[in-house]
Amino acid sequence: MQSQVIDLAGTQFRKRTRGARDVPVSDIGRQGDVILANVLRSTDTKASARPIFHQWPSLQQSALKFCEMLSESYPGAGGDSLVVEAIRTAIQRFLEVYETTRRSTDSMVAFLESLALSADVAMGYSAVGFDSMGRKRTWPPFEEPIGSWARRLGLETVRFIRIPPPEPEARVGNRYLLCSRIMTAKDIGRVSELPGGTLGGVKAGGGQ
């Protein structure tokens, strides 16, 4: 679907994407630590995040990489930016599970799973960049941070275009791809073992 959007002729493209959000590349942040700090401050979750990140430094690193990957400009599902919605929800999930489980890793995995599921929201959009000549380039999801990608190609604006959701197999694949960019191999393994099948994990013995 993304390649179909990019291949549309000029008038078709403008009609298809009318009302889509354009963001100047200069407004797309690249520093994950700065973006995360702004998210925690704007959502009043800094106090909750501090002990979580102290106990699990890998969660802070995943959150930093997540913010760097998508920036504060990528739209979410509920009107806020995706990083705001995703980090806020991940912290909420950590706290909810922490109150109801005896295993110390369960709340940590809940945080990571929440970030993984945010790939579904991200893939409801195609990010199309424009250079000074009006030429279009489509961001390859999660291959590199969107801010770095846009600057590397000399783009001036990025347009976020709503697209149909991907097929179920692609949805799981996109979650894996995001995880591979922001999590350690061990943490990806932990998420893949969840009984809900967030990453389509295979149980011991080869059963699904």
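The values are calculated or read from the model by the stated rules, or taken from the named source; none is laboratory data. Values in this document were obtained by computation on a predicted structure and should not be read as measured data. For neighbour counting, all protein chains shown are included, and Cβ atoms are generated from backbone atoms with ideal geometry for every residue, glycine included. Please note that ligands, DNA and RNA were not included when accessible areas were found on the heavy atoms of the full protein model with its side chains. Shrake-Rupley method; radii C 1.70, N 1.55, O 1.52, S 1.80 Å.
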Taking amide H positions as placed in the peptide plane 1.01 Å from N, state which residues far from Ile28 in sequence (5 or more) or on other chains have amide H under 5 Å from it.
none
Tilt, helix 32-42 to longest principal axis of the chain (alpha-carbon atoms), in degrees rounded to tens, equals 80
Dimensions of the stretch 41-101 along principal axes (Cα, Å, largest first)?
33, 21, 19
Quick one: if the Förster radius is 45 Å, what FRET efficiency do His54 and Ser132 give, using the C-beta to C-beta distance and rounding to 0.05?
0.50
Given the chain reduced to its alpha-carbon atoms as identical point scatterers, what log10 I(q)/I(0) does the Debye formula return at q = 0.12, 0.15 Å⁻¹?
-0.63, -0.94
Please work out whether the stretch 66-147 counts as rounded, prolate or oblate from its C-alpha gyration tensor, where a ≥ b ≥ c are the square roots of the eigenvalues and a/c under 1.5 means rounded, while otherwise a/b larger than b/c means prolate and anything else oblate?
prolate
Enumerate the amide H contacts of Tyr125 below 5 Å, restricted to partners 5 or more residues apart or on another chain; note that Pro and chain-start residues carry no placed amide H.
Ile163
Measuring from the longest principal axis of the C-alpha atoms of the chain, the long axis of helix 168-182 (C-alpha) lies at a number of degrees, nearest 10, equal to 80
How large is the accessible surface per residue of the stretch 31-121, computed with a 1.4 Å probe and reported in Å² as a whole number?
48
Once fully extended, how much extra length lies between Thr184 and Glu96, figured as 0.36 nm per residue of separation less the alpha-carbon to alpha-carbon distance?
29.4 nm
Compute the distance from the alpha-carbon center of the stretch 128-184 to that of the stretch 101-125, in whole Å.
20
Calculated FRET value between Ser104 and Ala77, using beta carbons and R₀ = 25 Å, to 0.05
0.25
Angle between the Cα long axis of helix 82-98 and the longest principal axis of the chain, 0 to 90 degrees, nearest 10?
10
How much net charge surrounds Ser73 when only the other residues with a Cβ under 9 Å from the Cβ of Ser73 are counted, with Lys and Arg +1 and Asp and Glu -1?
-1
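When the accessible area of the stretch 34-95 is split by element with a 1.4 Å probe, what percent falls to carbon and sulfur?
Result for the stretch 34-95: 51 percent of the exposed heavy-atom area is carbon or sulfur.
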Heavy atoms only, probe 1.4 Å: what % of the accessible area of the stretch 101-208 goes to carbon and sulfur, would you let me know?
50
